[in-house]
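Participant: One structure follows; several queries about it will come next.
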């Protein structure tokens, strides 16, 4: 049985929408982008949506709108895709990491509050919170923003984050790149912070091939976003006039047409993914060595992006992955902690042990094949071979221990 790691859910409606754009002369910013932006804004329930060419680009522009400058600090999580921290570095600011809740993998609100209070206290307490390579450094930056990540499609605990941000006048940018349609205590992801970013890579719930969307309630911010994505042109600028330093972060009409067609099916797309997750949950319910995804009580709607399990001892992840590969089943470790990526270790001096919960999750988490196009028989096949692999690796570990 052939099972891809992920697959976009594409129908004739999407193909036709893209073909129609190919027969027009508008391939850059045009009616498809405007309609796609409107569909996102209406679905999320927010005034402004601004299409960009990737989630990473969207996060970068949010840093600029938040006033993040060189040597400033932005707090985020090390258990995420690397773009969550890279976007801070693009403005020559410094990402400060907070370890995560061991159940959800989302930023831990209590640890976040401790970090903010130490930074505001200054002195030795603040210095100890800097990356190891920067301790003793006096760059004079300010704490500007918090960037919580809605990991795997589950919203972070936003209420305590917002309370903290309001107390210290900090901007909150939601990294909702994995979480379109998710809800936190009945509120849609993307409507809670000052701005948020969704991403539409091919493995996402909604895809445009490549692309992203910034959403915000701030009228001034949306004007800045539209200018920055389009080489710094303001709405009143004439051709080849540029008000500010900008970027080529535009979303194209072909991608927007694909996204608009997907948004016409979004409830169906999310429901299909929820069904696949439910099949996995049911079949793995009694597997002692498998930790299924945990949903927090505040998660009133999960937007299933990936299906990530945790392997408990004596299971060995590498052995399990090798067994799955032999059966034609792809799988992936998920995530490698950002602070242990080579660039971050070299630049900031991070080492194993700095964020133990993140490192533990990075060592035991395994992403199984997942998409809305998976059938029940495919889920059965994956689970059958996963459980068999766990039995074999457990028996091997026990045999080694007995000798």
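The values are calculated or read from the model by the stated rules, or taken from the named source; none is laboratory data. Being a predicted model, the structure only gives us computed values, none of them experimental. Note: ideal-geometry Cβ built from the backbone for every residue, glycine included; neighbour counts use all protein chains shown.
Participant: Regarding region 215-228, can at least one residue be identified that is under 12 Å from the mean Cα position of the chain (by Cα) and not in a loop (DSSP other than H, G, I, E, B)? Break it down stepwise before answering.
Facilitator: Of region 215-228, the ones under 12 Å from the mean Cα position of the chain (by Cα) are none.
No, region 215-228 has no match at all.
Participant: Can you tell me which residue is surrounded by the most Cβ atoms within 10 Å (Cβ to Cβ) among those in region 222-275 that are out of contact with any helix residue (DSSP H, G or I) (no Cβ under 9 Å at 6 or more places or on another chain) and closer than 30 Å to residue 376 by Cα?
Facilitator: Here the answer is 270.
Participant: A follow-up question, please. Of the residues that sit in region 135-151 and are surrounded by fewer than 17 Cβ atoms within 10 Å (Cβ to Cβ) and touching a strand residue (DSSP E or B) at 6+ places or on another chain (Cβ under 9 Å), which one is farthest from residue 182 (Cα to Cα)?
Facilitator: Keep residues of region 135-151 that are surrounded by fewer than 17 Cβ atoms within 10 Å (Cβ to Cβ), which gives 135-140, 142.
Filter again for touching a strand residue (DSSP E or B) at 6+ places or on another chain (Cβ under 9 Å), leaving 139, 142.
Working: 139: 38, 142: 32 Å.
It comes out as 139.
Participant: Given (1) farther than 21 Å from residue 267 by Cβ; (2) without any contact (Cβ under 8 Å) to a residue 40 or more places away in the chain, identify the lone condition not met by residue 197.
Facilitator: The failed condition is (2).
Participant: What is the one condition in (1) within 15 Å of residue 246 (Cα to Cα); (2) in contact with a helix residue (DSSP H, G or I) (Cβ under 6 Å, 6 or more places away or on another chain) that residue 78 does not satisfy?
Facilitator: That leaves (1) as the condition not met.
Participant: A further question follows. Which is more than 18 Å from residue 355 (Cα to Cα) and surrounded by 15 or more Cβ atoms within 10 Å (Cβ to Cβ), of 83, 126, 113? Quick ask: steps written out before the conclusion?
Facilitator: Numbers: 126 fails: more than 18 Å from residue 355 (Cα to Cα); 113 fails: more than 18 Å from residue 355 (Cα to Cα).
Every option except 83 fails the conditions.
Participant: Would you mind stating whether residue 244 is under 18 Å from residue 34 (Cα atoms) and more than 22 Å from the chain's Cα centre (by Cα)? Break it down into steps so the answer makes sense when it comes.
Facilitator: Numbers: under 18 Å from residue 34 (Cα atoms): no; more than 22 Å from the chain's Cα centre (by Cα): yes.
Considered against the rule, which asks whether it is under 18 Å from residue 34 (Cα atoms) and more than 22 Å from the chain's Cα centre (by Cα), residue 244 comes out as no.
Participant: To continue, here is another question. Could you check, for region 78-87, whether at least one of its residues is assigned to a loop (DSSP other than H, G, I, E, B), in contact (Cβ under 8 Å) with a residue 60 or more places away in the chain and over 24 Å from residue 333 (Cβ atoms)? Don't jump to the end; show me each part of the working.
Facilitator: Taking region 78-87 first, the residues assigned to a loop (DSSP other than H, G, I, E, B) are 78-82.
With the extra rule that they be in contact (Cβ under 8 Å) with a residue 60 or more places away in the chain, the set shrinks to 78-82.
Okay, now just the ones that are also over 24 Å from residue 333 (Cβ atoms), so none.
There is no residue in region 78-87 that is assigned to a loop (DSSP other than H, G, I, E, B), in contact (Cβ under 8 Å) with a residue 60 or more places away in the chain and over 24 Å from residue 333 (Cβ atoms).
Participant: Turning to a different aspect of this structure: May I ask you to list the residues in region 30-70 that are within 18 Å of residue 147 (Cβ to Cβ), assigned to a helix (DSSP H, G or I) and touching a helix residue (DSSP H, G or I) at 6+ places or on another chain (Cβ under 7 Å)?
Facilitator: 55, 56, 59, 60, 61, 63, 64, 65
Participant: Still on this structure, please answer the following. Filter region 211-221 down to residues that are touching a strand residue (DSSP E or B) at 6+ places or on another chain (Cβ under 9 Å) and surrounded by fewer than 16 Cβ atoms within 10 Å (Cβ to Cβ) and give me whichever is farthest from residue 175 (Cα to Cα). So that I can check it myself, show each step before the final result.
Facilitator: Residues of region 211-221 that are touching a strand residue (DSSP E or B) at 6+ places or on another chain (Cβ under 9 Å), as a first pass: 211-219, 221.
Those left that are additionally surrounded by fewer than 16 Cβ atoms within 10 Å (Cβ to Cβ): 217-219.
Values: 217: 16, 218: 17, 219: 20 Å.
By that ranking, first place goes to 219.
Participant: Please name all residue pairs, on different chains or six or more residues apart, with Cβ atoms under 6 Å, provided the first residue is in region 232-255 and is closer than 30 Å to residue 19 by Cα and not assigned by TED's automatic domain parsing to the domain that holds residue 213 and the second residue is modelled with pLDDT of 85 or more and surrounded by 12 or more Cβ atoms within 10 Å (Cβ to Cβ).
Facilitator: Correct list of pairs: empty, since none qualify.
Participant: Taking into account only those residues within region 1-29 that are part of a loop (DSSP other than H, G, I, E, B) and touching a helix residue (DSSP H, G or I) at 6+ places or on another chain (Cβ under 7 Å), which is surrounded by the most Cβ atoms within 10 Å (Cβ to Cβ)?
Facilitator: 3
Participant: From the list 205, 142, exactly one residue is farther than 20 Å from residue 66 by Cβ and touching a residue at least 12 places away in the same chain (Cβ under 8 Å). Which is it?
Facilitator: Details: 142 fails: farther than 20 Å from residue 66 by Cβ.
On inspection, the qualifying residue turns out to be 205.
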